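Input: a single structure, listed below in C-alpha cells.
The values are calculated or read from the model by the stated rules, or taken from the named source; none is laboratory data. As the structure is a computational prediction, the values presented were derived from the model and not from experiment. Because the Cβ atoms are built from the backbone with ideal geometry, glycine has one as well, and the counts that use them run over all protein chains shown. Ligands, DNA and RNA are excluded from the accessible area calculation, which covers all protein heavy atoms including side chains. Shrake-Rupley method; radii C 1.70, N 1.55, O 1.52, S 1.80 Å.
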Amino acid sequence: MDHERILPYWVATKRLGFSLVIICFIMIVAGLGYSHLLDDYKFLGFPLGLLILGQFVVVLCVGAMFWFTGAQDRIDARFGANEDI
Amino acid sequence: MLARYRMINPLLGVYYGIFAAAYIGLVVLLLIFEHMGFENRHVIYAMTGAAFALSAVIALAAFTHTNEDFFVSGRRVPAGLNGLIIFVVTVGGAGLSGLLGAVFFLGVDGFGLMFGVLGGMIISGVLLVAFTRKAGSYTVPSFFEIRYRNRMVGFISALMLMVPIFFFALAELSLVKVVGPLVLGVSPHASLLIFMLTALLLTLPGGVRSTNWSQCALAIVVLLGLIIPLVIIALKYTNLPFAQMTYGSLIEDIGKFESLKNEQVASASDVWSGILRGDAQFLHLSFLGGEQGFGVFEKIAFFVVVAGGVAGMPSLLMRSSVVSNVFQARKSFAWGAALIGLVILTLPAYAIFLRYMLFDPQGKLLMASLPGWVGDLQSIGLINPQDINGDGQLGSHEIKLSRDGVFLGLPLVAGLGSTLQSLCFAALMAAALAGFSGRIMTLGQLFARDLSLHKADMEADIVGLKTLMWVRGMILLVTFVLGVVIFQMDLDGFGLFVAGLILCAGSLFPVLLLSIWWRGMTRFGMVAGMLVGFVLAAGALFMTNFGGHAGPFGMSLFEAGLLSMLAAFVFGVVGSLAGAKPSAVDLEVLNEIRTPGGEALYDRILRLAMPRRSIG
C-alpha cells in the first residue's frame, strides 16, 4: 500500500469502525436502561420493551457485524490494502 | 488475489455435518434404548462419553510436528468454523451455566451480562482482531512485543495475563467438580481426573490444530444440547418449535405467580451476590424487573465491564491468528457474534420456560402431590424445597434453586426423559471441555513462549521439534498445577469466570485498544496503564470478596471494574505523554499493523530467521 494512501485509508477505517461500535453501544445501552418503559405495550405476544431488547437489538447488532465485514473489505479494496501473501 | 485464501479443506463442512448427523443418530438410538429399559446412568455415560471420545479422536487425528500447525493451525481455519470455536471458547461451560442462572434469577436485569458478551465480540471484531491478525503473533504478549519492539513489554504483560487465564481455566474445573458428581454419580476427583485427561488428549497431539477441530465438534454438541430440548418444550407448550419467538406469550402467566410472592424479596444486588457465590436461592425477582432491580448505571456498568473483559480475553483474541487473512478474521468474529446472538435469544426462552414449568401457573404446588421432578432435582442437590409457612403448598418463595441447576433442570422439570437430560448435561460438559482445553493451550503458549528465556531459539526452531516438546511440557505442567489447586480448594466456577473478565477488562482491553488506535501510545504508557488497571481490578475483586459484598466507597464489583478500566486508559495516555515520543520505527511498525494486506509481521520474523538457521 502506498504511503500517501495510508492516512485517508486510516480515516475511512476509523470512521466506519467507531461509528458501528458507537451505534451498537447506543442501541444496547438504551435498551438495557430504558426498554422497560415500553413493557406495558404488547407486540407479537411480547412486552414491547423485552421484544426490542431481547430480539431486535440482537438481530440488528449481529446484522451490523456482517455488514461491517463487507463494508471494511470494500474500503480495503478501494485503497489497495487487501492484497495478501 | 491468488493467495488470498490459503488451502482450506473444502470437505470440512461435510465432515462436521457427518459428525452432527452421527450425534443426532446417537440421540435417536438412545431414545429407543431408553424406552427398552436402558438405565438412566448408562444413557448419561453413553452420551457424554460419545461427545468426549469423538472429540478426542478428532484431536488425535490432527497430530502435528510443525510449528505453524501447532500454534496457529496452519492459518487455514475457515471463518464459519472459527466462529463456532469463538462462541464456545468465549462462554465455556462456567460462563454458559452462569449466564443462564443470572438470566433466570435476575430476569431482564441479567441481560447486561449477555449483551456484554455480544458487545465484547463486536469490539473485538471491529476494533481489534484485524490488527492482531496482521501482527500474526501466536499470543497477546507477543503482539505487544512486536508492536513495541521490546521483549520486556511482552514479559510483563504475560505475567499479568496469566492470572485471568488461570481463573478462566479454574472456572471450568470448578463447574466439573460440582456438576460432574451430581449427574455421573462418581467422586469429584474422579470426574475431574477424567475431564483433565480428556482435555490433555485434546491439546497435546496437535496443539491449536487439535483443539481447533475438536472444539468445533464440541461446539456442535453444545448447540444441539441447548436447542433440541427447548424445541421440544416449545412444541409442548406453544405448539411452535421456535421457543425464542414464542416465550413472550408465557410472561403474563408467569406474572401471576410472581405477584404471589411473600415479603421475602431480596434486591437484585443480593441476588447477584448469591449468583456469584453459587448459593442456592429463592426466585425473588420478577422477570421484567421492578423496584428491586438494578439502577440504569449499574446495568450499564455490567455491560461495559463484561464487554471490555470479553474484548480483552486472550484466548479469544488469538482466534484471529488461525485464519488465512484479515478479512477472514473479521468474518470469524461476525459468525461468533451471530452464535452469541443465538444464545442471547435462547437463554431468556430457557429461563421463561423453566420459570413457567417450575411453578404451577396458579403459583402453588401441593406438598401432598409434588410432581416427580421435585424429588429428582432434590436427589441430585439442585433444588431445596421447604414449606416455610406450613400451608401445605410450595410457592415460588419456598423453592431454593441452584444456579448450575437451571441448565440441567429444564429437561428434568419438563419430564423429557434421561436421553434429553443427558443431551443437556453433555452440552454443558462439552462447553467446559472446549473452554478448558483452549485455556490450557493459551497458558502453555504463554509459559513456553512469553515467559521463557529461550524465545529467540524457539523462533529459529522452524521444524519445531524442540519447541513443541517444550510447549507440550508446559501444557502438562499448567494442567497439573490447576489440578492441584482445584483438588485442594472449593471454588465457584461463575465467580471465577466473572473475576477473569474483570481482570481482562481492567488490564488488557484499554491498553490494547490504545496500542492499535493511538499513534502516541508508547511502551511506558502501555506498561503503566496495564499495571494500574490490573492492580485496581484485582483490588476490587479482593475488597468485594469476588463480588460478595460492597467494595470501597460502597461501589459494586462492576462499578469498581469500570473504574479500573478508566484508570488504565488514563494512565496509558498520561504515561505515554510523560515519556519520550514513539520513534519513527515504532510508527512504521504501527502502520504495518494497521494495513491489512501483506505478510503477517510474525511470519516475516520467522521467515527471516529461517535462512540463518539452515545456513548455520
- Message: What does the C-alpha gyration tensor say about the overall shape of the stretch B:1-145? Classify as rounded when a/c is under 1.5, otherwise prolate if a/b is larger than b/c, or oblate.
- Response: oblate
- Message: So, R0 is 41 Å and r is the distance between the beta-carbons of B:LYS256 and B:LEU29; what FRET efficiency does that work out to, to 0.05?
- Response: 0.50
- Message: Let me understand chain B better: what is its radius of gyration from the alpha carbons, and its Dmax, in angstrom?
- Response: 24.2, 87
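Scan chain B and report its longest stretch carrying no GluC sites (Glu not before Pro) that are both in a DSSP loop and have at most 12 other Cβ atoms within 10 Å. Working shown, then result.
Values: sites that count: B:GLU39, B:GLU263, B:GLU291.
So the longest stretch without any such site is B:292-616.
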- Length released on extending from B:TYR15 to B:ALA61, taking residue separation times 0.36 nm less the Cα-Cα span: 15.3 nm
- Over the stretch B:172-330, with a single point scatterer placed on each C-alpha, what log10 of the ratio I(q)/I(0) does the Debye formula yield at q = 0.10, 0.12 1/Å? -0.67, -0.97
- For the stretch A:48-64, state which residues have at least 40 Å² less accessible area in the presence of all protein chains than in their chain by itself, taking the probe as 1.4 Å and leaving out ligands, DNA and RNA. A:LEU50, A:LEU53, A:GLY54, A:GLN55, A:VAL58, A:VAL62
- Mind checking the dipole of chain B: about its Cα centre, +1 per Lys or Arg Cβ, -1 per Asp or Glu Cβ, Debye to the nearest 20? 2420
- Taking the chain alone as reference and the full protein assembly as comparison, with a 1.4 Å probe on protein heavy atoms only, the residues of the stretch B:501-525 that lose at least 20 Å² of accessible area are B:TRP517
- Just check the protein assembly as shown against the gyration tensor rule for me: Cα atoms, a ≥ b ≥ c as the square roots of the eigenvalues, rounded for a/c under 1.5, and otherwise prolate or oblate depending on whether a/b exceeds b/c. prolate
- Message: Quick check for me: using +1 on Lys/Arg Cβ and -1 on Asp/Glu Cβ, what's the dipole size of chain A about its Cα centre, in debye to the nearest 20?
- Response: 220
- Query: Per-residue mean of other chain beta-carbon atoms within 10 angstrom of the beta-carbon, peptide B:557-565?
  - Reply: 0
- Item | Accessible-area composition of the stretch B:1-74, carbon plus sulfur, in percent [1.4 Å probe] | 74
- Message: What does the charge count around B:GLY529 come to, taking other residues whose C-beta lies under 15 Å from its C-beta (Lys +1, Arg +1, Asp -1, Glu -1)?
- Response: +2
- Note on the structure: Rounded to whole angstrom, the alpha-carbon centroid of the stretch B:506-537 lies from that of the stretch A:25-50 at a distance of 36
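Given a 1.4 Å probe, how much area per residue of the protein assembly as shown is accessible, in Å²?
On the way: 24650 Å² over 701 residues.
Using a 1.4 Å probe on heavy atoms only, each residue of the protein assembly as shown averages 35 Å².
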- Query: What shape does chain A take by its C-alpha gyration tensor, where a ≥ b ≥ c are the square roots of the eigenvalues and a/c under 1.5 counts as rounded, a/b above b/c as prolate, and the rest as oblate?
  - Reply: prolate
- Message: Net charge within 13 Å of B:TYR237 by Cβ-Cβ distance, Lys/Arg positive one each and Asp/Glu negative one each, not counting B:TYR237 itself?
- Response: +1
- Item | Positive-end extreme of charge dipole, chain A - chosen from A:ILE28, A:PHE43, A:HIS3 (charges on Cβ) | A:PHE43
- For chain B, list the DSSP H helices whose alpha carbon atoms reach 27 Å or more along the long axis and whose average Kyte-Doolittle value is 0.5 or above? B:12-35, B:40-61, B:79-106, B:151-184, B:208-238, B:326-358, B:418-445, B:465-488, B:523-543, B:557-578
- Determine the residues within the stretch B:116-146 where the difference in accessible area between the chain on its own and the full set of protein chains amounts to at least 20 Å²; count protein heavy atoms only and use a 1.4 Å probe. B:LEU118, B:ILE122, B:ILE123, B:VAL126, B:LEU127
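Using a Förster radius of 35 Å, what is the FRET efficiency between A:ARG5 and B:MET152 based on their Cβ-Cβ separation? Nearest 0.05, please.
It comes to 0.55.
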- Task: Just subtract the alpha-carbon distance of B:VAL163 and B:HIS189 from 0.36 nm times their residue separation and send over the number in nm, one decimal.
- Result: 7.0 nm
- Extension gain, B:TRP518 back to B:ASP490 (0.36 nm per residue minus Cα-Cα distance, nm): 5.8 nm
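When only Cα pairs under 8 Å and 6 or more residues apart are kept, what is the percent relative contact order across chain B?
Relative contact order here is 27 percent.
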- Query: Nearest 0.05, what FRET efficiency do B:GLN378 and A:LYS42 give at R0 = 45 Å with Cβ-Cβ as r?
  - Reply: 0.75
- With charges only on Cβ, +1 for K and R and -1 for D and E, what is the dipole size of the protein assembly as shown about its Cα centre, in debye, rounded to 20? 2200
- Query: What quantity of accessible surface, computed with a 1.4 Å probe and excluding non-protein components, is buried in total between chains A and B, in Å² to the nearest 100?
  - Reply: 4300
- Item | Estimated distance in nm for a label pair at B:VAL231 and B:ASP279, the labels positioned 7 Å out from Cα along Cα-to-Cβ | 4.0
- Item | Two-site label geometry, B:LEU608 and B:LEU476: point separation in nm, points 7 Å out along Cα→Cβ | 3.6
